[in-house]
1. Using a Förster distance of 35 angstrom, determine the FRET efficiency expected from the C-beta separation of L140 and S247, and round it to 0.05.
2. Where the centroid of each part is defined by its Cα atoms, how far is region 128-207 from region 242-298 in Å?
3. For the ranges 203-212, 280-289, what's the packing order if you count other beta-carbon atoms within 10 Å of each residue, average per peptide, and put the highest first?
4. More than 16 Å apart: what percent of Cα pairs in region 194-248 qualify?
5. Starting at 0 and stepping by 5 Å, how many percent of the alpha carbon pairs of region 173-267 end up in each bin?
6. Can you pull the semi-axes for region 281-353, root of five times each eigenvalue of the Cα gyration tensor, sorted largest first, whole Å?
7. How long, wide and thick is region 228-331, going by the Cα atoms along their three principal axes, in whole angstroms, largest first?
8. Counting only other residues whose beta carbon sits under 13 Å from that of F168, what net charge do I get with K and R as +1, D and E as -1?
Amino acid sequence: MRKALTAGTTFAIALGIGFVMQYGDALASRLGVDEPIGGPEARSARDAQAEIPEETVAVLAPARPPVDRGASLPVPQEAAVPQMEAIPRLDQPQDALDAEAVDGSAPVLARADALPAVEPDAAVLADVAACSPEMTAETLPLAMVRLSLTDACHPQAAVKIHHRGMMFSALTDAKGQLQIDVPALTAQALFIADFADGPGAAAAIVVPDIDDIDRAVLQWQGDEGVQVHALEFGAGYDDAGHVWSASTGTPEAAAGGTGGFMTALGDPAISDAYHAEVYTFPSGHSARNGQVILNVEAEVTSGNCGRDVSAQSIQIAPQQDPHAVDLTMTMPDCDAIGEFLVLKNMFADLTLAAK
C-alpha cells in the first residue's frame, strides 16, 4: 500500500478562466526565471490559484531586506583614464616606419600594401554557416508532433522547448541534433527552441486531430517530486488502469480508445531542468463509458522536505478553452520522507462516453 497524506484541499478561484496564450510565462514567472519568449503580451492565462491549508502552504515570494530611505549611497569614484603611448606618424618616410625605434618606445609599423593577403578559411566559413539552428515539425497520430532540431554549434547542449505555455528542457546529441515527440496543445501549433547562449529556432504546423484529445499537463522546474496519476474507469492505485510515470500506458491502447498514455518531457541530466508530464486520452473516439480521475501527488523527498514547492497544471479538452492552475505549497518536514500529498483538484476529471 502506498503511504499517503491526503491533503483534502479545494482550490478557491482567484483568477477568471482565460486562454493560455502561446509562449506565455506559464511556469517561468512562477519559478522566478526570465520571462520566456513572447513577451508580456503573450502571457498564458491563469484561472485559479491552488490553495492548500495554511499550515502546509507558503507563497513563493523572495524576502526583501528593509530599505533605509534616509541612508546615503556611496558616490562612485572616477576611474583614472589610461594614457595612450605615442606612436609614429603615418606620414613619416617608409624607412622610419620599417625601422625599429632605437629606444624601443615606438612599435614597428608596416605599410598596408606590405602585409600578406589573408584568404578566408573555407572550413571556418562552413562552420559559421552550419551554426544556424533549424527545427522542423511532423504530425503523428493522437495529436503528437515530432520535432527535429539541428544546431552544429550546440553539441550536447541544453535547449528549452516552448509550446502554448508548456516548456521543458532537452539535450542535443554530440552532433547538435535532437528529435523528440511532443503532445500538441493547439491546432495551430508553434514550437520554439531556445538556446540560452545563441539564436533559437521555430517550427509551426497544423494538428488536425487535436479536437479529439483530452490532455492534462503538469510542469515544474528542478526536483519538486510531483507526479500526475490517472485512474481510468474505476481503477485503483497499481491496478491495470492506473496510468502514471511508472506505468505509462500505450499509444496503441489510446488509438483503440480503450485507455490513455503518459508522456514525460525534460532531461534529468540537465541541472535544474524544466519538466512536464502529459496525460493523453482520445475522448473523441473513446470505446468505453466512464470516468478518468486525475490526481496530482507530491512525494516528500530529501530534496523537497520542509521547503516550498511550485508547479502548474494546464488542461485542454475538445471545444473548450485551455486553463491553468498554479500550485504553491510547503512540504512537510523531513521526518515525513516517503509520504505523499494527494492533490485532487489540480485537474478536472474526465467523463467519457463511448463513440
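Please treat every number below as a calculation from the coordinates, not as lab data. Keep in mind it's a predicted model, so treat the numbers as computed, not measured. Please note: Cβ atoms are built from the backbone with ideal geometry, for glycine as well, and neighbour counts cover all protein chains shown.
1. Result of the calculation: an efficiency of 0.95.
2. Each part reduced to its Cα centre gives a spacing of 21 Å.
3. For the peptides 203-212, 280-289, the packing ranking is 280-289, 203-212.
4. When all Cα pairs of region 194-248 are counted, 68 percent exceed 16 Å.
5. Calculated P(r), rounded to whole percents: 2, 9, 16, 20, 18, 16, 10, 5, 2, 0.
6. Square roots of five times the eigenvalues give 31, 14, 7 Å.
7. 43, 32, 26
8. Around F168, the charge tally is -3.
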